[in-house]
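Chemist: Have a look at this one.
The values are calculated or read from the model by the stated rules, or taken from the named source; none is laboratory data. Note that the structure is a prediction, hence the values are computed from the model and not measured. We place every Cβ from the backbone using ideal geometry, glycine too, and count neighbours over all the protein chains shown.
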Amino acid sequence: MYQRSCITIDTTEADPFTGDRTGHEDEIIGTKEKTNEYAYQLATVQLVGDIVPLVLDARPIRKGDTRVEIVKDLVDSAMEVVTVERVFMGRAFDSQHVLEAVDDLGVTYVVPKRMQTSEKAQAERLLDRGQDRYVTDRKLHLGNNQWHETTLQYRRKKHSNRTDYAQYAVFMTNGEPGAISEYGKRWDIERGYKSIKRFMAATTSKNFVLRFFYFAFACLLNSIWRAVDMLVQCDQGGRYDRESVVTAQNTLALLRKETGIG
């Protein structure tokens, strides 16, 4: 399908619930904001970069699912349809066991690291020296005297209003340090989730299977829209641009006309 593709793995949540969730405690879990609301959590793997941003797969997140299980499942699924060169993930996936699992699959990862005491201290030293970037190797303990080797790169943020270590971001990669420069390719994923949710049917049901089906079907419709837009652009001008010609609203209107769905 594509040669040497970059993918991104991230999570989102369905509309939150309030009230009784008896019988759904393992499925309707807490929201990212740590409120009293509950929501279904969902994970996706998507193509990113200068290509059509298709959703390759999606899966629900249930209580007890580990980050390793989620990542392996989604990367394996992506590798069935594209040649995966690089995977970008958010800070929630910065554990050494997740990194080891991706490395075992022969894929390069780029992940921002949550800053602990040692990273904060190093960032303060860089700040004192006026140094914008710093690269160092790190061994992360996996247990049973096993280690995962990774490369840390500190990068000073542009236009930061902080005056301390928070001026820096720390990234981890098992590839060349230059791979980190491509992490910005995943920044439009939140816009992608908003686009997907435009295709979701409304429901008040708490049924887990129904809710996930609506999300997965919305991912499919979103990818169909993106693919049609690419074909139209290539037919008109010979090259694909990320700014769409066919709008999501046009696609929804056509879907309603042809199928009555929506």
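Chemist: Given the options SER95, SER181, SER118, SER160, name the one that is among the polar types (S, T, N, Q) and within 22 Å of ARG4 (Cα to Cα).
Modeler: Matching residue, one of SER95, SER181, SER118, SER160: SER181.
Chemist: Could you please tell me which pairs satisfy a Cβ distance under 6 Å, a separation of 6+ or placement on different chains, a first residue in the range 49-68 that is surrounded by fewer than 16 Cβ atoms within 10 Å (Cβ to Cβ), and a second residue that is among the hydrophobic types (A, V, I, L, M, F, W, C)?
Modeler: Filtered contacts from the range 49-68: LYS63/ILE29.
Chemist: Oh, and also: Where the second residue is in a helix (DSSP H, G or I) and the first is surrounded by 16 or more Cβ atoms within 10 Å (Cβ to Cβ) and lies in the range 210-231, which pairs have Cβ atoms under 6 Å and are six or more apart or on separate chains?
Modeler: Final answer for the pair search is ALA218/ILE196; CYS219/ILE196; ASN222/SER195; ASN222/ILE196; TRP225/ALA248; TRP225/THR251.
Chemist: In the range 87-132, what count of residues is obtained for those that are among the charged types (D, E, K, R), within 23 Å of ARG156 (Cβ to Cβ) and in contact (Cβ under 8 Å) with a residue 12 or more places away in the chain? Give the derivation first.
Modeler: Keep residues of the range 87-132 that are among the charged types (D, E, K, R), which gives 91, 94, 100, 103-104, 113-114, 119-120, 124-125, 128-129, 132.
With within 23 Å of ARG156 (Cβ to Cβ) added as a condition, the list becomes 91, 94, 113-114, 119-120, 124-125, 128-129, 132.
Within this subset, residues satisfying the condition of being in contact (Cβ under 8 Å) with a residue 12 or more places away in the chain are 91, 94, 113-114, 119-120, 124, 132.
Total satisfying the criteria: 8.
Chemist: For the subset of the range 205-244 comprising residues that are under 21 Å from the mean Cα position of the chain (by Cα) and in a loop (DSSP other than H, G, I, E, B), which member is farthest from ALA43 (Cα to Cα)?
Modeler: GLU243
Chemist: Now a separate question. How many of the residues making up the range 154-196 are among the aromatic types (Phe, Trp, Tyr) and farther than 22 Å from GLU85 by Cβ?
Modeler: Adding up the residues that qualify gives 4.
Chemist: Is it the case, given these coordinates, that VAL71 is buried (at least 16 other Cβ atoms within 10 Å of the Cβ), modelled with pLDDT under 90 and not in a strand (DSSP E or B)?
Modeler: Working: buried (at least 16 other Cβ atoms within 10 Å of the Cβ): yes; modelled with pLDDT under 90: no; not in a strand (DSSP E or B): yes.
Answer is no for this residue.
Chemist: Just checking, which of LYS139, LYS120 is surrounded by fewer than 18 Cβ atoms within 10 Å (Cβ to Cβ) and not in a strand (DSSP E or B)?
Modeler: The unique qualifying residue is LYS120.
Chemist: Something else: Among the residues in the range 11-27, are any under 29 Å from ARG239 (Cβ atoms) and within 18 Å of the chain's Cα centre (by Cα)?
Modeler: Checked the range 11-27: no residue is under 29 Å from ARG239 (Cβ atoms) and within 18 Å of the chain's Cα centre (by Cα).
Chemist: May I ask you to say which residue of THR83, THR8 is modelled with pLDDT of 80 or more, of a type outside the set (A, V, I, L, M, F, W, C) and within 19 Å of ARG191 (Cα to Cα)?
Modeler: The match here is THR8.
Chemist: While we're on this one: Quick check on the range 94-117: of everything there that is out of contact with any Phe, Trp or Tyr (no Cβ under 9 Å at 6 or more places or on another chain) and within 23 Å of ASP164 (Cβ to Cβ), which residue is surrounded by the fewest Cβ atoms within 10 Å (Cβ to Cβ)?
Modeler: Per the criteria, the residue is THR117.
Chemist: May I pose another question? Testing LYS158 on (1) of a type in the set (Lys, Arg); (2) in contact with a Phe, Trp or Tyr (Cβ under 9 Å, 6 or more places away or on another chain); (3) not in a strand (DSSP E or B), one condition comes back false. Which one is that?
Modeler: Tallying (1) of a type in the set (Lys, Arg); (2) in contact with a Phe, Trp or Tyr (Cβ under 9 Å, 6 or more places away or on another chain); (3) not in a strand (DSSP E or B), LYS158 fails exactly one: (2).
Chemist: Which residues, taken from the range 123-136, are surrounded by 15 or more Cβ atoms within 10 Å (Cβ to Cβ) and of a type in the set (Gly, Ala, Ser)?
Modeler: Residue satisfying the conditions is ALA123 alone.
Chemist: Another question about this same structure. Counting just the residues of the range 93-117 that are assigned to a helix (DSSP H, G or I) and in contact with a helix residue (DSSP H, G or I) (Cβ under 7 Å, 6 or more places away or on another chain), which one comes out nearest to ALA43 (Cα to Cα)?
Modeler: Applying the filter and picking the extreme gives PHE93.
Chemist: Also, I was wondering about something else. Within the range 173-204, which residues are under 18 Å from ASP15 (Cβ atoms) and not in a helix (DSSP H, G or I)?
Modeler: Within the range 173-204, PHE199, MET200, ALA201, ALA202, THR203, THR204 qualify.
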